[in-house]
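The values are calculated or read from the model by the stated rules, or taken from the named source; none is laboratory data. Not measured: the values here are computed from a predicted model. No Cβ is skipped: glycine too gets one built from the backbone with ideal geometry, and neighbour counts run over all protein chains shown.
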Amino acid sequence: MRFKKEKDPIRFAFIIFMVLVVFSVGQLTWWIIFQIDTGRKQKQYQLDIIDQEIAYLAHHINRDFQSFVDIASLAHGSLAGQPAELKKFYDNLLDNPVVAGYRIMDADGRILYQGGVIDSTFYVVIGTNARLFFDRAYPEKIIKTHKAELDFKVAGFHDGREIPWVAESMLSIPPDVETQLEKESRRHIVMFVSEGGFFMLLVLFGAYLIYRTLQRSEDLKSRQQNFIQAVTHEFRTPLTSMRLYLETLASGKVSSEKTGDLFPKMLEDCDRLDRLVDNVLQASLYNQDDYRLNLAETDLAEDVNDYLNSMVPFIERHNGELYRELEPGLRVKTDYQSLGRAVAALVDNALKYSPTEKRRLEVTLRKNADRAELSVADIGAGIPSGEQDRIFERFYRVGNETTRSVKGTGLGLYLVRQIVEAHRGEVEVSSDGAGQGSVFTIKLPMVSG
Ligand code: ADP
């Protein structure tokens with residue numbers, strides 16, 4: 001019979017999510033391009049409008065000038081030979097802002113009458129011997145009342161009726177208006193590129209976070225599987241050896257002195273099983289949020305001494321050498337049993353991960369500022385720097401299953417961290433790398449006063 005492979009809903013959701021991410025990033029890119037293009041078009045549109053205004057203004061000003069030229073020409077036609085009447089006519093014209101002055105001359109060019117401002121070079125010759133001077137500031141005045149700011153360059157003398165007074169080329173958009181438009185358009189581009197880019201990064205960052213979380217959950221899954229294999233093995237080894245001892249005893253073929261040797265071995269197997277069950281149970285216990293420690297103030301050195309004393313036979317059985325240097329009088333609130341479990345786990349590891357000939361461990365307790373620091377140092381296998389952060393994770397073990405010669409469950413340091421953090425402390429590891437030994441330090445806050 002074959003088992004149907006279970007579909008992974010998270011993986012499926014991730015694929016859907018990635019499709020959405022790709023789609024959103026595509027949409028954002030399109031949006032940025034669209035906005036930049038719109039900005040450019042808008043600027044061009046504004047420039048076109050100003051150009052049209054220029055054309056309109058030029059036309060408007062020329063029409064004003066031309067209408068006075070036409071009226072004056074008509075007057076000259078009807079008042080020919082009556083210079084005094086012409087003077088009256090021109091004097092009336094002076095009220096108009098377009099007209100700056102006039103000059104009437106006889107056939108020999110002698111001035112008969114003149115009025116207004118006549119130093120202007122901006123004039124037209126009317127009839128044969130009169131000149132009508134226009135206000136050269138008039139186009140500028142018109143422009144000022146208009147919303148577009150334009151530069152007007154006075155062209156100077158003008159005496160032709162066919163040529164327009166003000167050419168479109170005389171009116172131009174001032175450079176600062178153009179730079180302003182340019183700036184606005186650039187600001188537009190920067191705004192959309194940065195906003196769009198920011199959102200794009202946000203989407204990608206979100207995708208990365210989700211990817212990492214999934215990766216971690218996969219990792220945890222495989223570590224859990226390894227854990228089950230390791231636990232099964234750990235259970236089986238003492239069980240197998242106990243069964244062997246029991247079978248040997250049951251066969252009745254063993255001498256009574258040898259029988260005596262078997263019982264301590266069986267007891268050690270029982271202890272091993274007991275520790276394992278305890279570890280697994282504790283790991284699930286500490287994982288519950290409402291787990292409470294039974295805290296009591298104590299002299300930490302005394303407790304640590306107790307813990308170590310009870311471990312001396314175990315350490316000796318494993319060829320370990322124990323050195324201790326414990327500063328007395330450091331008052332700390334601890335849960336005696338839990339902290340003992342944490343110290344035992346560190347000592348156990350220090351032995352486990354050191355070769356038989358190098359099982360030397362040093363336990364030190366000293367005060368550092370307002371904390372008590374308890375270190376367990378060994379000269380064993382050491383821990384690569386890349387792994388040092390991770391060894392406190394649940395089920396995490398350094399290396400891969402095949403390279404690990406020492407059996408374990410990956411629960412010990414997880415428990416240590418849970419216990420220490422429940423004491424409002426911290427646990428740290430330092431190691432110069434593989435083969436360089438390790439130092440685990442538990443830092444606990446001291447009772448003040
Ligand atoms: P276990 O010992 O059951 O594997 P732990 O949580 O106690 O689990 O330790 C996690 C990992 O950290 C171990 O698998 C080992 O690789 C590494 N480690 C722990 N203590 C030491 C030590 N003293 N020296 C070297 N490596 C260690």
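Please verify whether residue 267 is in a helix (DSSP H, G or I) and surrounded by fewer than 16 Cβ atoms within 10 Å (Cβ to Cβ), treating the condition exactly as stated.
Answer is yes for this residue.
Within the stretch 96-116, the set of residues being closer than 19 Å to residue 84 by Cα and assigned to a loop (DSSP other than H, G, I, E, B) comprises 106, 107, 108, 109, 110. Just wondering, is there one or more residues in the stretch 87-108 that are surrounded by fewer than 11 Cβ atoms within 10 Å (Cβ to Cβ) and either of a type in the set (A, V, I, L, M) or farther than 28 Å from residue 119 by Cβ (or both)? Checked the stretch 87-108: at least one residue is surrounded by fewer than 11 Cβ atoms within 10 Å (Cβ to Cβ) and either of a type in the set (A, V, I, L, M) or farther than 28 Å from residue 119 by Cβ (or both).
Among the criteria (1) at pLDDT below 85; (2) within 11 Å of the ligand (Cβ to nearest atom); (3) among the β-branched types (Val, Ile, Thr), the one residue 429 does not fulfil is (1). Of all positions in the stretch 223-242, at least one carries a residue that is surrounded by 12 or more Cβ atoms within 10 Å (Cβ to Cβ), assigned to a helix (DSSP H, G or I) and basic (Lys, Arg).
Under the condition of being among the basic types (Lys, Arg) and surrounded by 15 or more Cβ atoms within 10 Å (Cβ to Cβ), which residue from the stretch 359-398 is farthest from residue 300 (Cα to Cα)? Applying the filter and picking the extreme gives 397. Taking each residue of the stretch 422-444 that is surrounded by fewer than 16 Cβ atoms within 10 Å (Cβ to Cβ) and looking for partners that are among the small types (Gly, Ala, Ser) and assigned to a loop (DSSP other than H, G, I, E, B) with beta-carbon atoms closer than 6 Å, six or more apart or interchain, yields 433/382; 434/382; 435/382; 436/382. All conditions in (1) surrounded by 12 or more Cβ atoms within 10 Å (Cβ to Cβ); (2) part of a helix (DSSP H, G or I) hold for residue 284, with the sole exception of (1). Cβ-Cβ contacts under 8 Å between residues 6 or more apart (or on different chains), taken from a first residue in the stretch 379-401 that is at positive phi to a second residue that is surrounded by fewer than 16 Cβ atoms within 10 Å (Cβ to Cβ) and at pLDDT 85 or above, are listed as 382/432; 382/436. Of the listed requirements (1) at pLDDT 90 or above; (2) in a strand (DSSP E or B), residue 90 misses just one: (2). Limited to the stretch 421-446, what total is found for residues that are part of a loop (DSSP other than H, G, I, E, B) and at negative phi? Of the residues in the stretch 421-446, 6 are part of a loop (DSSP other than H, G, I, E, B) and at negative phi. Remark: residue 248 matches the filter, which requires a residue to be over 26 Å from residue 281 (Cβ atoms) and assigned to a helix (DSSP H, G or I).
Only a single criterion out of (1) in contact with a Ser or Thr (Cβ under 8 Å, 6 or more places away or on another chain); (2) away from the ligand (no atom under 16 Å from the Cβ); (3) in the same structural domain as residue 248 (by TED's automatic domain parsing) is not satisfied by residue 268, namely (1).
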